[in-house]
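I have placed the structure first, in the form of structure tokens, so that the comments after it can refer back to it.
The values are calculated or read from the model by the stated rules, or taken from the named source; none is laboratory data. These numbers were taken from a predicted model, which means no experiment stands behind them. Positions of Cβ are generated from backbone atoms using ideal geometry, with glycine treated the same way; all protein chains shown enter the neighbour counts. The area values use the complete protein model at the heavy-atom level, side chains included, leaving out ligands, DNA and RNA. Shrake-Rupley method; radii C 1.70, N 1.55, O 1.52, S 1.80 Å.
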Amino acid sequence: MRRTASLLATVVAAVFLLCASTAQASRTCDQMRSWLHQGGGQASGLLVVDTETGKVLCGSAVSRPRSLASNMKLFTTSTVLSRLGPETRIPTKVFRDGKVDSDGVLHGNLYLQGGGDPALGTPTFYDSYLAGLGTNLFALTPQIRAAGISSITGRLYADDTIFDRRRGVADSGYATSSYIGPLSGLAFNSGFSGSSSASGFASDPAKLAASKLVRSLRVAGVDLPPQAALAPTPPAADRVGMVQSPTLDRIVDTTDVYSDNFFAEMLIKLLGARLGGGGTTASGAAVVAAFARSHGSGVHAVDGSGLTRSNRASPRQVVSLLLAMRDDPAGDDFVQDLALAGQEGTVASRMEGTAAYGRCRTKTGTITGVSNLSGYCFNRSGRVMAFSVLMNGVRDLSLAHLDQDRIAGAVAGF
């Protein structure tokens, strides 16, 4: 009898705790919805899901597509890591199309062939602008000398044909804009014409890269004409040098943590070049959309960075991608490449004083009238939450950020 009474008391206590917990979760969700509409108005959506159980903890307009802004980078970078691999590097090569005689004279031309590396440049530029993340173009000079070349009868050509020559995205009519430097299959210093972002954009990044290499070769004692030109590499040309980018994991980290539009657009063209119909934004977008579908998600992808307003997905689609990437072989890299709340990149000064501080890895997204925040929160009990807050119709960006930070704190506190 006593055992039965004890068991009954235990059951009653468990039911009470469950009801109290459910009531608290309901109140938390109501508060999150209030913050959502306060920061973004009615044109906003929210979804929070427990990654272990798949249980929906809170939602609002979860199936309605919204403008993604830089949350589009979640779709681009997840595809890059999963389909191309975190440890993959992007090569930039030099070829010759003639013979080198015993005096070191190349009877022919050199070709600087771009591979779509967004980090190619000079140490002076990437040490100051990209925190040391870069590929040293000048490392090709000693390799060319080591190939026995001291003089060239022809000239050095730049080969950017891995990508098309559209310099921007749909938002700018595919031209260079203030938000993104000129895209190129042979990019250089993120599209800037000099060693700093204050130097302005280059009119032709490939020719600029080739001219910088020419200057380096001439300083090293190689005799060749000072002018560079554009031409594709002949199929039978022989390779004489190569430099490789940092790993895609490191490139994606910069893309997501600092929301680097240039890197994102170069990456989506790379996807098109390697896995799609060619090195174009449209081809890469098709690869990204197909990847999302294969992972139980979906996206209307127009570019890689989210600059174009018509990049759209719903909170459910964003969270479905986040859930799927937890089980992807590249999932750990993807999660770690998102900015840590209060400590890194675009959220370095946000979420302080909330449970999200140091516990949520997130991707921001901002264009006119749009402010988004999506990612993962790791709470103290070891549970991992995936969430997406898509605010469209934003009038006060500071208020939107404040309410997003409150929501992230609540997510981390579940």
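So the values come out like this:
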quantity: Residue satisfying all of: in the range 382-403; assigned to a loop (DSSP other than H, G, I, E, B) and in contact with a strand residue (DSSP E or B) (Cβ under 8 Å, 6 or more places away or on another chain); farthest from K73 (Cα to Cα) among these; calculated: R383
quantity: Subset tally (residues that are more than 9 Å from G369 (Cβ to Cβ) and open to solvent by 10 Å² or more (accessible area, probe 1.4 Å)) for the range 385-398; calculated: 3
quantity: Selected residue (criterion: least open to solvent (accessible area, probe 1.4 Å)) from residues of the range 300-355 that are assigned to a loop (DSSP other than H, G, I, E, B) and β-branched (V, I, T); calculated: T308
quantity: Residue ID - nearest to L140 (Cα to Cα), chosen from residues in the range 92-115 that are open to solvent by less than 50 Å² (accessible area, probe 1.4 Å) and polar (S, T, N, Q); calculated: T92
quantity: Which numbered condition I367 misses (of (1) hydrophobic (A, V, I, L, M, F, W, C); (2) in contact with a Phe, Trp or Tyr (Cβ under 7 Å, 6 or more places away or on another chain); (3) open to solvent by 10 Å² or more (accessible area, probe 1.4 Å)); calculated: (2)
quantity: Selection within the range 263-275 - open to solvent by less than 40 Å² (accessible area, probe 1.4 Å) and out of contact with any Phe, Trp or Tyr (no Cβ under 9 Å at 6 or more places or on another chain); calculated: F263, A264, E265, L267, I268
quantity: Residue match in the range 246-263 (condition: part of a loop (DSSP other than H, G, I, E, B), of a type outside the set (D, E, K, R), modelled with pLDDT of 95 or more and on the phi > 0 side of the Ramachandran plot); calculated: yes
quantity: Flag for D204 being open to solvent by 10 Å² or more (accessible area, probe 1.4 Å), among the acidic types (D, E), under 28 Å from L307 (Cα atoms) and out of contact with any helix residue (DSSP H, G or I) (no Cβ under 8 Å at 6 or more places or on another chain); calculated: yes
quantity: Checklist (1) buried (at least 20 other Cβ atoms within 10 Å of the Cβ); (2) within 28 Å of A175 (Cβ to Cβ); (3) under 13 Å from the mean Cα position of the chain (by Cα) applied to S245, failing item; calculated: (3)
quantity: Tally of residues being in contact with a strand residue (DSSP E or B) (Cβ under 8 Å, 6 or more places away or on another chain) and open to solvent by 40 Å² or more (accessible area, probe 1.4 Å) across the range 163-172; calculated: 1
quantity: Members of the range 217-236 found to be open to solvent by 20 Å² or more (accessible area, probe 1.4 Å) and over 19 Å from S184 (Cβ atoms), listed by number; calculated: R218, V219, A220, G221, D223, P225, P226, P234, P235, A236
quantity: Residue satisfying all of: in the range 12-42; in contact with a strand residue (DSSP E or B) (Cβ under 8 Å, 6 or more places away or on another chain) and at pLDDT 90 or above; farthest from F414 (Cα to Cα) among these; calculated: H37
quantity: Test: residue in the range 47-69 that is in a helix (DSSP H, G or I), buried (at least 22 other Cβ atoms within 10 Å of the Cβ) and at pLDDT 95 or above; calculated: yes
quantity: G358 vs. criteria in a loop (DSSP other than H, G, I, E, B) and open to solvent by 20 Å² or more (accessible area, probe 1.4 Å); calculated: yes
quantity: Checklist (1) touching a helix residue (DSSP H, G or I) at 6+ places or on another chain (Cβ under 6 Å); (2) β-branched (V, I, T); (3) farther than 30 Å from G296 by Cβ; (4) open to solvent by 10 Å² or more (accessible area, probe 1.4 Å) applied to T88, failing item; calculated: (3)
